[in-house]
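The values are calculated or read from the model by the stated rules, or taken from the named source; none is laboratory data. In this text the structure is predicted, and so the values were computed from the model without any measurement. Here the Cβ is made from the backbone with ideal geometry for all residues, glycine too, and neighbour counts use every protein chain on show.
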Amino acid sequence: MPGTPDPVLGSDAVTLVVAVLLAVATTAAMAWRASRTSRPLRTATLLGVGHGAILVGGWALVRIVAYRFWTAPSAAPWEFLLVVGGGLLVLTLQAAVPFGWLTARGVVSPTVGLAAATALVWFLVLRVGGESDPLGLYALAFGPLVVAALLGLGAAEWAVRRALGAAESADEP
């Protein structure tokens, strides 16, 4: 179909498998690091920046190898910087929020959500061509919604844990 991106790895099935493996590997490694810190805010911020840099770097590498940028970076440098900067910001927040919940409160559900969102981003990044750029579209439309959802998921788990903890302590004699 015209305007549909092509999978860099040859097929959608292979692209999906690789995207899931990359997402699980990066999220698990970062979650392991986040769970072993005494400085929650700093760790969550650094892991968020690392997560964003890995995904934006992967996006750029795929496009450099396939030479399939939606526009030549030199032809529209401000637009290119806006897409890269917006993508980096949104992807950084997308990881910093779950790792913040994990390091500060021990809340794990946003980290699971992060793995799913990261798999989606990798799947989009590993496709080239089409009528728009996945990084720009994700940064403007879907990424902020994912960040809000991960924030809400963390708040819901934390509230349930507090309520169950209060209920358990009230039951004790």
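When you check residue 135 against the structure, is it in contact with a Phe, Trp or Tyr (Cβ under 7 Å, 6 or more places away or on another chain) and either outside any helix (DSSP H, G or I) or closer than 15 Å to residue 54 by Cα (or both), yes or no? Outline the logic, then answer.
On the way: in contact with a Phe, Trp or Tyr (Cβ under 7 Å, 6 or more places away or on another chain): yes; either outside any helix (DSSP H, G or I) or closer than 15 Å to residue 54 by Cα (or both): yes.
Taking the combined requirement at face value, the residue satisfies it.
Conditions (1) surrounded by 14 or more Cβ atoms within 10 Å (Cβ to Cβ); (2) touching a Pro at 6+ places or on another chain (Cβ under 9 Å), marked per residue:
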site	(1), (2)
38	no, no
55	yes, no
113	yes, yes
121	yes, yes
128	yes, yes
137	yes, no
So residue 169, is it within 27 Å of residue 10 (Cα to Cα), at pLDDT below 90 and among the small types (Gly, Ala, Ser): no
Which condition number does residue 127 fail, the rest of (1) out of contact with any Asp or Glu (no Cβ under 7 Å at 6 or more places or on another chain); (2) within 25 Å of residue 16 (Cβ to Cβ); (3) of a type outside the set (A, V, I, L, M, F, W, C); (4) modelled with pLDDT under 90 being met? (1)
